[in-house]
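Since every read-out is calculated from the coordinates, none of them should be taken as a lab result. Everything numeric in this text was worked out from a predicted model, so none of it was measured.
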Amino acid sequence: MGGLTINKEGNVLDENQQVISGLHAAGEVSGGVHGDNRLGGNSLLECTVFGTIVGKRIPIRPRNLSLQLNQDVDEFSGGKAELPNITMAEVQQHNTEGDCWVVIHGMVYDLTEFADEHPAGPESIIDLAGQDGTEEFQAVHGENILEDFDPVGVFV
């Protein structure tokens, strides 16, 4: 019985006791350093100690989410035609639940349809309608989430 076998650095080991590159574990999923603790039986101390060790060892990309405005617009639009430049005055006109544009990282997104689908609820999006929501966005999201959305323009 047990969970994943880990070494003292929190690396997950394969059946030959070799480190599986890039795979780390701590807490209830691991069987401890010997791989024979029962799942659900790890002590809180072991979870805390290995959780701290693993957390310090995992390479995490810095959270500098600012986009370079000189990047090619095609990268953001999936190769579609060049996007129009949109000013704050125009963005501010789209400031209601039924017409919700938000600036995020220098791009303008029409989030009207998405607001109701937003996992955290529509309020956080609607509150940013007609504004630059970059700071609020990057506080809780990774930039890669924007890959699922087509911008309507470039914020200028």
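Could you calculate, for the range 114-155, the ratio of the Cα radius of gyration to the Kirkwood radius, expressed as Rg to Rh? Numbers along the way, then the final one.
Details: Rg = 10.4 Å, Rh = 11.3 Å.
Result for the range 114-155 is an Rg/Rh of 0.92.
Contour minus end-to-end for ASN7 and ASN144, with contour as 0.36 nm per residue of separation and end-to-end as the Cα-Cα distance?
Details: separation 137, 0.36 × 137 = 49.32 nm, distance 3.20 nm.
Stretched out fully, the ASN7 to ASN144 stretch lengthens by 46.1 nm.
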